[in-house]
Structure formats: structure tokens, C-alpha cells
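> Okay, here's the structure, questions in a sec.
Values in this text are rule-based calculations from the coordinates and carry no lab data. Values in this document were obtained by computation on a predicted structure and should not be read as measured data. Here the Cβ is made from the backbone with ideal geometry for all residues, glycine too, and neighbour counts use every protein chain on show.
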Amino acid sequence: MPSTSCPRPQYELPNPTHNCSCLLAVRRIAAATRTAAPGRRLPRPVVRYPPDVNSDQVSGPTVLREYALLADGQRGALVGPRGEVAWLCAPGWDDESVFDILLGGSAEYLITPAGRFVWGGYYETGSLIWHSHWVCGDTVVECREALAFPGERNRVVLLRRILARHGSADVRVRLRPAAGFGTHPATRAHHGPDGWTARTGPLRLRWTGARAARWNSTRHEWTADVHVPANAHHDLVLELSPGALPDPVDPDTAWQATESAWQRESPALGYTAAPRDAAHAYAVLRGMTADTGGTVAAATTSIPELADQGENYDYRYVWIRDQCIAGQAVAADGAHPLLDSAVGFITERLLADGPDLAPAYTTAGTRIPRVRPIPLPGYPGGTPVTGNVVRDQFQLDIFGEALLLYAAAARRDRLAEHDRRAAAQAIAAIADRFDRPDAGIWELDDDLWTHSRLICVAGLRAVAACPATGADQAVCSGLADTILAETTRTGLHASGRWQRSPRYPGVDASLALPLLRGAVPVGDPRYAATVQAIHRELTTDLSVYRYRHDGRPLETVEGAFLLCGFAMAIAYQQLGRPVTAMRFFEANRAACGTPALFAEEFDVTQRQLRGNMPQAFVHALLFEAAVRLADCE
């Protein structure tokens, strides 16, 4: 509704870094207020900063729990609380970054209120359409943002709509791209009728809705002040591509298509133990799944799990194990498209590589690169790298996970003949290699890891019990019995629970996974004994650690692993302890920030996320736990 009050006085302040000038301006405002007639309330002044305020500064990284994810399947972006796109690799997940302040660079895309604000935000249900929400005095400003969905393989379309929700909105905008991990700033800037075009390294750039933006050739950036009247909006569309860009995107059409696509992708999950979180977890998994069917493990690289420990990894690839876990999780609810995606990707890799199946691949199905440094300062406490040493490892458990995926798909009638041939490849690989040391789920030194062998037992039993997999029941059951007998000899602790390996007698939280997948029956005493040992020895306030590294307190060595926490929830549900199951579920799903995204680890002491994010297999187990614990709820 239009205001009938007098216009607000405008106070133009100098750069706020000049404290004396700011103080004089504030005193003038205070004096004007004191001289008002008794009982009369003056309209609040609007403080407008000059266009170049802080233009030489970037936002810098923030704590992980404040970042929201935008993803379209082909790539992902992280948006921080000040409205900064802090991380985006283009054109694909494992390409070099264009925005990089997450890792200490200076490339960002900022849309932020011009004055002081308090931040919040939310996702539209069942989607990765995010609303940055700022309360600024007596105004409320939002920025609705998304990567146009589903994404195109070679074109990034980033949609940002500034919304004046309550009162008019004044925001500052800065676009400072730099491809090649910050080594190629924007050049060849050209002002056209729809906005700006430019180049950044090998990428072409187009920015529409920004005709009034100012180009600074020294800083290689654009800045703008945008005023949005009350109840109105202003669209900005950023496109990036290694090839020629087609006609400019119409914002209304792109938004409508993105909304409709997310609505089609979002399953009905009202019956689960946590419908909203289950829907969000599914959306995260869908957003991280490329058109090849591959789901990246995380959107980021080199976010430290513990400061200055050298444990910095690139997770922008498809881990076979994580992909299988995600497929099994969604199959718990139904024959969703993500199940078909997982089966398709795993089948293609197994048929191509057979027993030489690698632990991880790019989303294109190619081998991941060797580790090399990135020319950026890094997230505080970490050194940035690309590539991953896992490319040269042998991990036995991935074959067992593949069989579990195929069994889950067969129960949903989603297997084809080529999938059955791939399952046969996995069975043959287990038969040939089950007695060979491997790096295991935690990718450590080669050993006869108990988890690896038990997950193969679970996979063999699952396909043997499901004729639609095409597996020979007698062969698979016999092989499962052989591996279980050998694992019992080398991996069963004297107390009656499973232990990490013949060399390491301690318990490992990963051992809950093959148990809840059927390596042994729920009534087998080894099941309960192992779960109870994990609870007793590796759990603090229902947060679960992987294993004991040494005699130090668990929380001083690493963060709690959220995957293991949700696995314990499912295990206790199977053991007939619904209250304990729900306690684990609720404690672990609370280990996130406002955008409800989960990293690999959770620092229990500081209540902070640790490691790369968002971690796909954590969202997968949250989804599955919400489905399986519906009866508990």
C-alpha cells in the first residue's frame, strides 16, 4: 500500500571506514530526532552508501553451516549469508572454479542489502530454490536464487531475483568472476542492450538485467546499486558457457520451468518420520546427480575435517560406494528416478572395468585426476587441492555395495539384462578378491577390513534372495558362507562383536552398515553386540565416531560421522528399540545449519560442520532413516 507520510530524509554518508565523518553524520541524525515536536515520530532516515563502498573487499569464507546449495545436476554453487556466491565450478562439477571466496579467493557474485541486516533463509519445499532472507530495519528483502533446472551440460544459468517483501529494497551488487581457480579475471567487457557480455578464461559470460551496472577494468568487476519498489522484484541472470551462448534467457520462463521441473522430481513423502527433511534430502541428492546418472560425493574440495592436519580432499567426483548407498536409500521408498540413475551409472562402469572397478570416477565416467595443488589460499585450516589419491586404491566393499543396489532395484522391478550382466561381474570380482587386503571404506592402509568382507556377504545374500537379479542362488549363498566363515575367524572379537580387522581389535562404526543390510540375521548375537559396542565405545551425545585412533578423547581427533549416526538409527529400529532409534535420528538430523545441509563430519564440541559439503551419503542415510523409522514416529 502506498505511504501517505512525508518522504524520508536522505543522508548521504561518506565511506564508513572514515570514522570521524560517520560520527558527524550520526550526530546530525540524532540532533534532528531530538528537535522533533513532542509526540511526533519522524520517519526513519535511510542511510545510502556511495557506490564504491568496500568495492576493494570481498566477503571471505564463513562457517559451513551458513552456506546454501544451488544445484542443477551438472554443477553446484554455495551461497553465503551475505548473498555471496562463494563457490561455483563451471561448466561441470570437477572443472575449475569461477567463484572461489570459499577457498580464500576474491571471485564472488554478491547481492546484499545496502544497510545493516539480520540474515535467514529457506528452501522452497522439495527443491533447491533458495531464498536468502534479510530483515533490514523496517524492510524485508529476499533474493530468490537457483541454477536453472534441469541444467544443461555446457551452459550455466544462474537465476537471482531480488524481492522487496516489506517496504522498498536497496541492495548492492558486485560481480567479480575469475575462471581457472581465480587465475582468469573477466576481460572484454561489452555493454549491450540486455546487459553485459565478457570472457573469463575459456568461458563466455552474459549478465542480463544489469544494464545499469558499472564496469571497473582495473578490478575486473561490475558493481551496481539496485532499488526495488515495495512488492516488486528485479531479475538478474548470469550465463556461463565454453561455447557460443544462445539467445538471452527470459527470467519468467526460466523460473517457471525450474519450478515445474522440481515439482515433477519431488516425491510425496508425507508418511515418513520427517517429511520436510526427507524431501529436502531427496532434492539435494537430485541436484547432485548429473545427466550421466553419477552423483557427486560433495560439491566442494579441500574443506578441512580438522584444521592443519593435511586431510584435505577433493570430493567433486562419483564414489561408487556413495552412489550405491544413495540408490539403496531411495529404493527404500520406491522406484524413483534416482534409483535408475544409480543403477545405470554403476552398470556402465562395471561392464567397462569389471574387477578393476575404481573406487571413484568423474561424472562423465572417466578416471579422476591425480592430486595437484590449487592456486588459492584455501579454506581456513586447509590447503586446496584437486584430484584424489583414491584413484589408485582397491576397495573390495564397492562390489558388495553394487550387489545390494542391484537387489534393491530388482525388488522394485527396475533391472534390465545388462544390469544382470554387471551384477555377475561384481560376483566374480568378490569371488576372486575377497581374501585380498583392501583400503576399505575409510580409505586407509590395505588390510583385511571386516566391514569390506561383511558388506560383500550382505550383497551376495541379497542377490541370492532375489531371483530377478539373475544371480545363481547356490553359488552366491555358498560364497557368502565361505567369506563369513573366514571373516568370523579373522574379524570376530573375543567379546562376541565384530572388530575392525585382524590387526585392529577395536570396534568400527562402519560395521553397522553390513549388519543392517543383512550380513547376519538381526537375531544373530553378533549384530546386537556390535551395535551396543559402537554405542558404548564410539558415541558421545548420540553422535557417532568412526573408530578410536588412539587414547585421546574421540572429539579431539576428528568430528563425528553423520553417516554412522543415521546408520545406528536404522540398526536400532531393526533391533526393536524404536525410542533409541528415534533419539539417534533426531540428534543427527539436528547437526546442520539454517539451510539444512550436512557435511561429512560434525564437531560436537563447537557444534560446527566439518569437511566437504553437502555430503551426499549423509543425506541418503537421513532419507532412508526417515522412511524406515516412519513406524517409530
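> Which residues in the stretch 223-250 place their backbone N less than 14 Å from a point set 7 Å from the Cα of HIS166 along the Cα-to-Cβ direction?
It comes to 231, nothing else.
> Per DSSP helix of 4 or more residues, -39500 (n - 2.57); summed, then divided by the residues of the chain. What does that give at 222 nm, rounded to the nearest 500?
Here the helix-only value at 222 nm equals -10000 deg cm²/dmol.
> Under the definition of Cα pairs under 8 Å and six or more residues apart, what whole-number percent is the relative contact order of the chain?
The value is 12 percent.
> Another question about this same structure. Give the order of SER341, SER59 when sorted by the count of other beta carbons within 10 angstrom, beginning with the fewest.
Result, fewest neighbours first: SER59, SER341.
> Sticking with the crude label model, points 7 Å out along Cα→Cβ, report the distance from GLN393 to THR125 in nm, one decimal please.
Rounded to a tenth, the inter-label distance reads 4.0 nm.
> Need the full-extension length gain, ARG219 to ARG411, defined as separation in residues times 0.36 nm minus the C-alpha distance. One decimal, nm.
63.3 nm
> Moving on. Fewest Cβ neighbours within 10 Å first, please rank MET582, MET613 accordingly.
MET582, MET613
> Here's another thing I want to ask about it. When a/c reaches 1.5 or more, the comparison of a/b and b/c decides; with that in mind, is the chain rounded, prolate or oblate per its Cα gyration tensor?
In terms of gyration-tensor shape, prolate.
> What FRET efficiency would be calculated for the residue pair ASP446, VAL475, taking the C-beta separation as r and a Förster radius of 22 Å, to the nearest 0.05?
Efficiency for this residue pair is about 0.20.
> On to the next question. What ranking do SER495, SER168 get, fewest neighbouring Cβ atoms within 10 angstrom at the top?
By the 10 Å Cβ count, ascending: SER495, SER168.
> Using 0.36 nm per residue of separation minus the Cα-Cα distance, give me the extension gain between VAL371 and GLU311 in nm, one decimal.
That works out to 20.3 nm of additional length.
> Where the centroid of each part is defined by its Cα atoms, how far is the stretch 91-151 from the stretch 333-351 in Å?
Going from one Cα centre to the other spans 31 Å.
> Also, quick follow-up: Hey, how many Å between the Cα centroid of the stretch 476-533 and the Cα centroid of the stretch 270-301?
30
> From the residues GLY270, THR347, ALA408, which one has its Cα farthest along the dipole of the stretch 267-628 in the positive direction, the dipole being from +1 and -1 charges on Cβ of Lys/Arg and Asp/Glu about the Cα centre?
Of GLY270, THR347, ALA408, it is GLY270.
> Continuing with the same structure: Give, rounded to the nearest 20 debye, the magnitude of the charge dipole that the stretch 224-320 has about its Cα centre when Lys and Arg contribute +1 at Cβ and Asp and Glu contribute -1 at Cβ.
The calculated dipole for the stretch 224-320 is roughly 400 debye.
> Provide the gained length on full extension for the span ASP356 to THR253, in nm with one decimal, where the gain is 0.36 nm per separating residue minus the Cα-Cα distance.
32.5 nm
> Turning to a different aspect of this structure: Can you list, bin by bin at 10 Å, the percent of alpha carbon pairs in the stretch 267-628, starting at 0?
6, 26, 37, 26, 5, 0
> Roughly how big is the chain's charge dipole about its Cα centre, with Cβ charges of +1 (Lys, Arg) and -1 (Asp, Glu), in debye to the nearest 20? List each step's numbers first, then the result.
Working: 63 positive and 69 negative charges, 392 e Å.
That gives a dipole near 1880 debye.
> Go ahead and run the numbers for FRET between ASP138 and HIS549, Cβ-Cβ distance against an R0 of 45 Å, rounding to 0.05.
According to the calculation, E is roughly 0.25.
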